[in-house]
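Every number here is computed from the coordinates shown, using simple stated rules; none is lab data. It should be emphasised that the depicted structure is a prediction, and the values quoted were computed from it without experimental measurement. Don't worry about glycine lacking a Cβ; one is built from the backbone with ideal geometry, like all the others, and counts go over all protein chains shown.
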Amino acid sequence: VRHLYICDFHKNFIQSVRNKRKRKTSDDGGDSPEHDTDVPEVDLFQLQVNTLRRYKRHYKLQTRPGLNKAQLAETVSRHFRNIPVNEKETLAYFIYMVKNNKSRLDQKSEGSKQLE
C-alpha cells in the first residue's frame, strides 16, 4: 500500500534510524563508548504521553513547549541513552533483591519502622 502521508511518529522514527546508521558507519575510528558495545535499544515510543512528560519533569529536561509525542519520545530517548549505569552493581543489586524476595518499597517501609 502506498501512503501519501507520513505521520510525525513515523517520520521521526525514520529520521532517528537514519541518524543511527550515519553514526555507526562513520569513519571516526570507533573510539567512542557508543561504538564499543552493542547497546539494546529501548522503545520509548510505546509509552504514553503522560509518562514521557513525567520522565521529562523528573529529570528536569529542557524542551520547548508544545512538543508532540514523537518529539517528546525522541528527547526522552536521547536522555535515557546518555544516563551512566554501573551494570555490575545494578545486576548484583537486582539479583540480591530477587533472591530475598524484596523490592525497593520494602526497604522504605522498613526504614520508617526503624525510626519509630
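Brief remarks follow.
- Neighbour cut-off at most 13 other Cβ (10 Å), DSSP loop, GluC sites (Glu not before Pro), the range 40-92: Glu41
- ³J(HN,Hα), Karplus 6.51/-1.76/1.60, whole Hz, each residue of the range 73-86, x for Gly, Pro: 5, 5, 5, 5, 4, 4, 5, 4, 5, 9, 6, x, 9, 8
- With a Cα cut-off of under 28 Å and a minimum spacing of 8 residues unless on different chains, the lysine pairs in the range 42-102 number 6.
- Across the range 43-53, rounded Karplus estimates of 3J(HN,Hα) from the backbone phi angles (6.51 cos²θ - 1.76 cosθ + 1.60, θ = phi - 60°) give 8, 7, 5, 7, 6, 6, 4, 4, 5, 4, 5 Hz, Gly and Pro being marked x.
- Virtual spin-label span in nm between Arg54 and Tyr93, 7 Å along Cα→Cβ: 2.0 nm
- Rg over Rh for the range 42-102 works out to 1.11, using Cα positions for both radii and the Kirkwood form for Rh.
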